[in-house]
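Inspection log for the structure reproduced underneath, given as structure tokens.
The values are calculated or read from the model by the stated rules, or taken from the named source; none is laboratory data. Treat the numbers as computed from the prediction; the structure is a model and nothing was measured. With ideal geometry, Cβ positions are generated from the backbone for all residues, glycine too; neighbour counts draw on all protein chains shown. For accessibility, only protein heavy atoms count, side chains too; no ligands or nucleic acids. Shrake-Rupley method; radii C 1.70, N 1.55, O 1.52, S 1.80 Å.
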Amino acid sequence: MHRPSVPEDLDHPERLWVRAATLAVVAAALDDWDEFSWGPDGLRCSNDGGAYWWRLKLHGDGRAVLCGQDSDGSCTHSGDRQIDFLAGGPEWLPWERLRDDARGNLLGFAYWYENGAWARAPYPAAMPDDGLAMAMSWAAPGDAAVDAIVEHLVARTETEVDAASAVRSFLAAAGARTVGAQDISALLDAVCGQDCWYAIRPAAGLAFAAELGLTAGDRGGVAVDRGGVAVAAP
């Protein structure tokens, strides 16, 4: 990713959703350092230590919004003036919520997706970083981003299981919306190991997967975003 990030640094929203949901499912099953919530504003992650937060929402008609902040990487002001991360945003954005974020100085980046491309507000020339790469390194296109998901998930343990293969298999199932109890168990076995000291709650992970729509049914191995755009499963 660039520093500061550019719209081309972001993968298709559906692939971002699948990766974000995978992180959320694991967090729901464990005593995790990230807290996830799901509601009308989308899927939200808040780091327990306050290091970062982000929110992703898929809208209809192939639209999406991604916003957040990294406490170390996001530059929110240019001199003594707050940067307007919403400048030039389209009318369909959830303006009330985003303006609340902006008033609270909670935005370090805000991207919106429509017509097949991501966009953002123009940044000041001297702005060093928006924090996207630090908060969401897994949001980029390509295998390196999937590897970042694996690294994030296996950081808590040492395991002899092929974690990368297990995570990729789960991402494929999540993209096809065919996640089941066996997929949850295989994922947790890969990223948690057998001797972890904290409680593992597969049922909680499966319940959150269902809430996020990952268990909705077979889509023929093809993920379809909520705007009707078909993309290959990650």
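Structure notes:
- Where N is the number of residues in the stretch 55-193, Cα Rg divided by 2.2 N^0.38 Å: 1.25
- Computed in the context of the full set of protein chains, the accessible area of the chain at 1.4 Å probe radius has 48% of its extent on carbon or sulfur.
- Residue-by-residue Karplus 3J(HN,Hα) for the stretch 14-22, coefficients 6.51, -1.76, 1.60, Hz, glycine and proline x: 5, 5, 4, 4, 4, 5, 4, 5, 5
- Per-residue extension of 0.36 nm, minus the Cα-Cα distance of residue 31 and residue 181, leaves a gain of 52.1 nm for this segment.
- In the stretch 1-75, the convex hull through the Cα atoms has an average projected area of 5.5 nm², a quarter of its surface area.
- Ordering 85, 38, 64 by Cα displacement along the dipole of the stretch 15-90 toward the positive end leaves 64 in first place; charges were set at the Cβ atoms of Lys, Arg (+1) and Asp, Glu (-1).
- Total charge dipole magnitude, the chain, about the Cα centre, Cβ charges on Lys, Arg, Asp, Glu only, Debye to nearest 20: 620
- Scanning residues 5 or more positions from residue 59 or on other chains, those with amide H under 5 Å from its amide H are 64, 65, with H placed 1.01 Å from N in the peptide plane.
- At a probe radius of 1.4 angstrom, the accessible area of the stretch 1-150 per residue rounds to 42 square angstrom.
- Across the chain, the mean sequence separation of Cα contacts (distance under 8 Å, 6 or more residues apart), normalised by length, yields a relative contact order of 26 percent.
- Rounded to whole numbers, the Karplus 3J(HN,Hα) couplings from phi for the stretch 85-96 are 7, 10, 4, x, x, x, 5, 7, 4, x, 4, 4 Hz, using 6.51 cos²θ - 1.76 cosθ + 1.60 with θ = phi - 60°, and x at Gly and Pro.
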